[in-house]
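Written out below as structure tokens is the structure these notes cover.
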Amino acid sequence: MRNLMKACVMSVAIFMLMCGVASATSFNAQGSAVVAGVDHRYVSNVNFYSTSLRLSNITGETVQCKVTVFNHDGEDISSYGTIRTGGSPNYQELASGTDTFDIPPYSTRSYELKSSRLNQSVYGYAVVEWTSNNPKLRKALIGVVTRLMVRPADVSTSQTERDINNGRPF
């Protein structure tokens, strides 16, 4: 009887672990990169800084991408972002920051972290993940992090860029 109880408990434990694994693999990434130094501050439309991740697909196949941004407390703030294509002022918003999105072959998309919540400042990091229908594809993306700062005190705008993954495909 004792062995039967052990077997039942073990079966339930294994079942629970399997359920956890199944739910954790809803986005089965083939590649990823961690991006440090993601930040955003909003005071007004003429006083803010924001971060953009410009991601380019260097393959001949469409890839699905997901960007997850964590703040200084480890909370997921991906909802502060939007996925865009095109240049200003004619850019097009494709998805919210919490959605997965497609990057067509040889194309670029921008994940823009910018919230209009007054006097809000956040900083943290992002995880960029991608997958494709081709299981043999190993490296599909390159990218840069762009930081835009607009300050009214001296009516200045500045922009800095740095490579994601030291400029190497991931």
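Each reported figure results from applying straightforward, stated rules to the coordinates on display, with no laboratory input. Note that this is a predicted model, so its numbers are computed, not measured. Neighbour counts run over all protein chains shown; Cβ positions are idealised from the backbone, glycine included.
What does DSSP give for the stretch 29-167 in terms of the percent of beta bridges that are antiparallel, rounded to the nearest 5? Mind showing how you got there, number by number?
Numbers: 59 of 59 bridges.
Counting only bridges with both partners in the stretch 29-167, antiparallel ones make up about 100 percent.
Treat the count of other C-beta atoms within 10 Å as a stand-in for reagent exposure and order His40, His72 from fewest to most. The order, fewest Cβ neighbours first, is His72, His40.
Would you mind ranking Phe101, Phe27 so that the residue whose beta carbon has the fewest other beta carbons within 10 Å leads the list?
Details: Phe101 19, Phe27 13.
So the ranking, lowest neighbour count to highest, is Phe27, Phe101.
Applying 1/(1 + (r/R0)^6) with R0 = 25 Å to the Cβ-Cβ distance of Ser79 and Asp163 gives a FRET efficiency near 0.45. Other residues with beta-carbon under 15 Å from the beta-carbon of Thr146 carry, at +1 per Lys or Arg and -1 per Asp or Glu, a net charge of +2.
How far, in nm, would the chain grow between Val34 and Ser56 when pulled straight, counting 0.36 nm per residue and subtracting the alpha carbon separation? Please report the intermediate quantities before stating the final value.
Details: separation 22, 0.36 × 22 = 7.92 nm, distance 1.57 nm.
Gain on stretching Val34 to Ser56: 6.4 nm.
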